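The values are calculated or read from the model by the stated rules, or taken from the named source; none is laboratory data. Since the structure is predicted, the reported quantities are computational estimates derived from the model, not experimental observations. Using ideal geometry, Cβ is built from the backbone for each residue, glycine included, and neighbour counts are taken over all protein chains shown.
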Amino acid sequence: MKKKKVLIVSATYYENFSKTLEVFASKLLAREDIKYKLIKVPGVFEIPVVISRNIKKYDGFIALGCVIKGETPHFDFISQATTNAIMQLSIDSKKPIGNGIITALNKDQASKRSAKKGEEATKAVISVLFQ
């Protein structure tokens, strides 16, 4: 069987959370002997375009990052647009894209979720890759 390749696209806007997400995702991929590459982007809004550009090169994708609610509706627009774009890319390409983007009301929530979210998104991609 051909070895699977996964692209991790990680938004660095909240770099401390992104690093944690990346560590858990990459450890799981390595443990499962899945080849992967990491590309960093400034924010979560840039994740779908990078996945789109690489859609034919990889078997699966993991989107990592963090969006924290502020005082404006920006949080809602960015979160919804990114989630919709990721879902549409996955459906159109018929390839799994794990959504490891944390949406939190504050940094404390984001911190608590950052360890599990990267691993959960990676497990989802692995599950679909081997069906």
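Scanning region 1-45 for residues that are within 23 Å of Ser127 (Cβ to Cβ), not in a helix (DSSP H, G or I) and not basic (Lys, Arg) yields Met1, Val6, Leu7, Ile8, Val9, Ser10, Glu32, Asp33, Ile34, Tyr36, Leu38, Ile39. Candidates are the residues of region 112-128 that are modelled with pLDDT of 95 or more and farther than 20 Å from Lys40 by Cβ; the one that is surrounded by the most Cβ atoms within 10 Å (Cβ to Cβ) is Ile126.
For every residue, the table says whether it meets (1) touching a Lys or Arg at 6+ places or on another chain (Cβ under 9 Å); (2) among the aliphatic types (A, V, I, L, M); (3) more than 17 Å from Asn99 (Cβ to Cβ).
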residue	(1), (2), (3)
Lys19	no, no, yes
Ile39	no, yes, no
Val50	no, yes, no
Lys57	yes, no, yes
Leu64	yes, yes, no
Thr72	no, no, yes
Ile78	no, yes, no
Ile86	no, yes, no
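Remark: pairs (first residue in region 50-72, in contact (Cβ under 8 Å) with a residue 24 or more places away in the chain and within 15 Å of Phe24 (Cα to Cα); second residue basic (Lys, Arg) and assigned to a loop (DSSP other than H, G, I, E, B); Cβ separation under 8 Å; 6+ apart in sequence or on different chains) = Phe61/Lys95. Among the residues of region 17-31, what is the count of those that are more than 11 Å from the chain's Cα centre (by Cα) and either modelled with pLDDT under 95 or hydrophobic (A, V, I, L, M, F, W, C) (or both)? Number of matching residues: 6. Close Cβ contacts (under 7 Å, 6 or more residues apart or on different chains) running from residues in region 104-126 that are closer than 15 Å to Phe24 by Cα and in contact (Cβ under 8 Å) with a residue 12 or more places away in the chain to residues that are part of a loop (DSSP other than H, G, I, E, B) and of a type in the set (D, E, K, R) comprise Ile126/Glu32. Looking across region 86-106, the residues that are loosely packed, with under 14 Cβ neighbours inside 10 Å and either part of a helix (DSSP H, G or I) or of a type in the set (D, E, K, R) (or both) come down to Met87, Gln88, Ile91, Asp92, Lys94. The residue that is surrounded by the fewest Cβ atoms within 10 Å (Cβ to Cβ), counting only those in region 46-85 that are part of a helix (DSSP H, G or I) and either in contact with a Ser or Thr (Cβ under 6 Å, 6 or more places away or on another chain) or β-branched (Val, Ile, Thr) (or both), is Val49.
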